[in-house]
Amino acid sequence: MEETIQPTPNDCNSNVEFTVNGEVIDPKPANEEAPVQPTPQEGESLPTTPASGEEGSEPEAAPAEEGTETAAEKAPEEPALSLAALEEAVKGLQKRFDEKIAFDEYKNQLFDKLYSELQLYKQDLHAKLVEPIVKDVIKLLSETQKFCDQIDKRSPEDVREYLQGIPEDLVTMLEDHDVELYRDTDSETFNPRTQRVLRIVPTDDAALEKKIAQRVRPGYRWKGKTLQPEMVNIYKYNKQ
């Protein structure tokens with residue numbers, strides 16, 4: 001009788017089983033044993049290999065070679081470098097501050113010097129402008145006092161002639177200092193910009209309204225600026 005060997009699939013195991021005359025035979029040899037683990041000798045330890053897929057398992061870091069600095073050993077040097085840089089920055093700021101203070105002091109000294117020179121110039125200029133006028137006034141005053149001292153010996157005609165000459169002397173003094181006497185003769189109508197009314201003269205003629213009736217005193221200008229306007233009397237029309 002022949003033996004029939006048929007492979008029998010096993011749903012739960014991927015291994016193949018054989019059936020001989022209806023009996024299932026395990027293909028593994030019966031004498032197969034589990035692998036023998038090496039026995040560590042005294043003083044030795046076997047390395048343990050982590051299971052595949054185990055979370056948190058990391059390879060052991062290699063020991064640092066002798067003489068090699070680690071990041072932890074280098075860390076204390078950084079504050080020292082930062083402190084040195086900070087000191088340099090403070091020195092730079094101090095230098096700039098000192099330069100700014102010195103520059104401000106120089107500007108203040110220069111300003112004080114220029115201001116003093118300007119004051120001296122203004123005082124000197126004022127003296128140069130006033131001195132000729134003062135001299136002319138002193139001269140006229142001296143002549144007037146001399147005439148008054150001898151007035152008892154003067155005739156009325158001499159007194160009148162001398163008094164009439166004083167305005168002429170003053171006009172000459174003003175003209176010597178660029179003061180101009182003027183009369184606004186461009187029009188016979190009153191001009192409020194260059195003239196001032198001393199007296200109103202009534203009239204029944206409407207054509208004479210604001211016309212100049214009399215020119216009393218001239219006006220005075222100095223370098224284009226009106227110092228005193230011309231004095232005039234004007235007509236004013238009165239309705240009956």
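The values are calculated or read from the model by the stated rules, or taken from the named source; none is laboratory data. A quick note: this is a predicted structure, and the numbers were derived from the prediction, not measured. A quick note on method: Cβ atoms are made from the backbone with ideal geometry, for glycine too, and the neighbour counts reach across all protein chains shown.
Only one of K122, K139, K128, K135 is exposed (fewer than 10 other Cβ atoms within 10 Å of the Cβ) and part of a helix (DSSP H, G or I). Can you tell me which?
Values: K122 fails: exposed (fewer than 10 other Cβ atoms within 10 Å of the Cβ); K139 fails: exposed (fewer than 10 other Cβ atoms within 10 Å of the Cβ); K135 fails: exposed (fewer than 10 other Cβ atoms within 10 Å of the Cβ).
Just one listed residue meets the conditions, K128.
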When region 142-166 is checked residue by residue, the ones that are of a type in the set (D, E, K, R) and surrounded by fewer than 12 Cβ atoms within 10 Å (Cβ to Cβ) are K146, D149, D152, K153, E157, R160, E161
*Mind checking whether some residue in region 156-171 is free of Cβ contacts under 8 Å to residues at least 12 places away in the same chain and not assigned by TED's automatic domain parsing to the domain that holds V137?*
no
Filtering region 184-218 down to residues that are within 53 Å of the chain's Cα centre (by Cα) and not hydroxyl-bearing (S, T, Y) yields D184, N191, P192, R193, Q195, R196
The residue that is farthest from I234 (Cα to Cα), considering only those in region 192-220 that are among the polar types (S, T, N, Q), out of contact with any Phe, Trp or Tyr (no Cβ under 6 Å at 6 or more places or on another chain) and surrounded by 15 or more Cβ atoms within 10 Å (Cβ to Cβ), is T194
Pairs returned, first residue in region 197-218 that is not assigned by TED's automatic domain parsing to the domain that holds L170, second residue that is small (G, A, S) and surrounded by 14 or more Cβ atoms within 10 Å (Cβ to Cβ), beta-carbon separation under 7 angstrom, 6 or more apart or interchain, are V201/A213
Residue in region 219-230 that is more than 29 Å from D136 (Cβ to Cβ) and either within 53 Å of the chain's Cα centre (by Cα) or among the charged types (D, E, K, R) (or both) present: no
